[in-house]
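Trainee: Encoded as structure tokens, here's the structure I'll be asking about.
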């Protein structure tokens, strides 16, 4: 039994050895196949590496050629850019020279135009003076009793000699008398205002404030209810619709008249300023009145809107002062800075309480009319006899 068991074991071991040999043979075959595959992979890797080296060399050569082409193009562009810059500088220099020459020509033409304009104004002035002189000589030549031409020439010479002396006297009188007098008068007026303000604050301020409060109370208690209850409804019912209907057309017309007046003042003062600016007396400058007029015209030329607005603002007041007969007093008050409200109040009081003319009786009126008729008849007879 042991022998049979050992034989069986030997057979099993033999079979296991045969299986191991078969497995070893298969492993040898697989090893040879793997070696062959490794060899093939190595050869393939070598071929691929050679191909990659060849393609890399080709790409590198192409990149180098492209780089060289780009460098050549950049060099060409740089040279063309420098050439364009040089051409641009030449053209700019040429244009600057042309512009400078044109500017010089323009300045010369402006100077020639100014000279011709000055000559035109001088010639025009001379023509006006010659025409006036010829007209005067023609008028004087018609007189037979005396030689007025020589008389006028002598008087003209006398006044032409007296003209500079009068100008010098006026300048000295203005600078030495009028200017200090105006300054002194202004100081006196300021001192009077200060003293008046002190007296007012010390003695009258409290009474005026009390009277003002009393008047305000009376006005609020008695006048305001009447205005609110009776007058304002009538105004809103009858007057405001008329005002609303005529407000826009009147404002548009007033604005158009204002713009027209501004344009007229501006152009007129500009023309007068241009005409007077060339009237120089033998190159010695203008006289004092002419210089003053020239300054006023220049101010009107530059501030025409202010002139028109100021005239529009003060025109009704001056008309009221003229109508009420207090033009001189009101003008002096405005010049010394008195508020316009006080001047309006004075004009109103003067208009309400002005002296009335006495009515003539019918007999006196008839006698006055007959005297006027006789005077006109005698005057007509005298003229006919002459």
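The values are calculated or read from the model by the stated rules, or taken from the named source; none is laboratory data. The structure displayed is predicted, hence computed values, not measured ones. Cβ: placed from backbone, ideal geometry, glycine included. Neighbour counts: every protein chain shown.
Trainee: So, residue 171, is that one under 46 Å from the mean Cα position of the chain (by Cα) and modelled with pLDDT under 80 or not?
Mentor: Answer is yes for this residue.
Trainee: Inspect the range 104-127 for any residue being modelled with pLDDT of 80 or more, closer than 22 Å to residue 271 by Cα and more than 38 Å from the chain's Cα centre (by Cα) and give the result as yes or no.
Mentor: yes
Trainee: Can you run down the residue pairs with Cβ atoms below 6 Å, 6 or more apart or on separate chains, where the first is in the range 120-134 and within 14 Å of residue 277 (Cβ to Cβ) and the partner is surrounded by 10 or more Cβ atoms within 10 Å (Cβ to Cβ) and modelled with pLDDT under 80?
Mentor: 121/278
Conditions tested, residue by residue: (1) assigned by TED's automatic domain parsing to the domain that holds residue 335; (2) within 19 Å of residue 335 (Cα to Cα); (3) surrounded by 11 or more Cβ atoms within 10 Å (Cβ to Cβ).
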| residue | (1), (2), (3) |
| --- | --- |
| 188 | no, yes, no |
| 191 | no, yes, no |
| 200 | no, no, yes |
| 217 | no, no, no |
| 221 | no, no, no |
| 226 | no, no, no |
| 232 | no, no, yes |
